[in-house]
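The values are calculated or read from the model by the stated rules, or taken from the named source; none is laboratory data. Predicted model only: the values in this text are computed from it and were never measured. Ideal geometry is used to build each Cβ from the backbone, glycine not excepted, and the neighbour counts take in all protein chains shown. Surface accessibility is based on the protein's heavy atoms, side chains included, excluding ligands, DNA and RNA. Shrake-Rupley method; radii C 1.70, N 1.55, O 1.52, S 1.80 Å.
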Amino acid sequence: MRLYSGMSHNFIEDTVRNQIAGKLEDAFFRHFRYKPSKGEVNSWRNSLRAIAQVFQASDLMDHGVILEYQLPLTSRRLDCLVCGRNDEGSDGAVIVEPKQWEKCTPALGERLVTTWVGGAEREVLHPSAQVGQYQLYLEDSHTAFYEGPAPVGLSSCPYLLSPNCPR
């Protein structure tokens, strides 16, 4: 299941016209039969605007974009998956996990950070670890990433909208 898919130039246009959050909200309701929270809609609006600006600045106009892709057999959703061909002509995909945290600090646990989420300071998985888990899961569960003569190369990265997060 995915809430949005299309070409990157359409994604940029939907974002510039301030329509992307509404499209995701409508698709969310059609699939889940309830409305997403206002916070989630605002998060889509803000983070996807930032991602669209990166696409524009990098001239990524002919790539596939999938938003809010539900990982098979889980309730977890990828925020953004970008698909296309690399310079050598091989198929590739990148999972992008945007975070809009004001700040975060190191936590005691391994691969954890502390940030304000859900109305309190909490220890959460570092965005790099989170998106890395998504990548491993997809590589293991989706045949596009391991079958055939030329499986799709998959990579992942967090996109931190605030520079105040430890590496």
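Before moving on, here are some points about what is shown:
- Carbon and sulfur %, accessible surface of the range 4-161 computed with the full protein complex present, 1.4 Å: 51
- For Asp91, net neighbour charge (Lys/Arg +1, Asp/Glu -1) across residues whose Cβ lies under 15 Å away: -4
- Computed log₁₀ I(q)/I(0) - Debye formula, equal Cα scatterers, no solvent, the chain, q 0.11, 0.13, 0.14, 0.18 Å⁻¹: -0.48, -0.68, -0.79, -1.28
- For Phe28, net neighbour charge (Lys/Arg +1, Asp/Glu -1) across residues whose Cβ lies under 12 Å away: +2
- Probe 1.4 Å, accessible area per residue of the chain, Å²: 58
- Residues whose placed amide H lies under 5 Å from that of His126, excluding near-sequence neighbours: Leu112, Val113
- Counting only DSSP H runs of at least 4 residues, each contributing -39500 (n - 2.57), and dividing by the residue count of the chain, the helix-based mean residue ellipticity at 222 nm comes to -11000 deg cm²/dmol.
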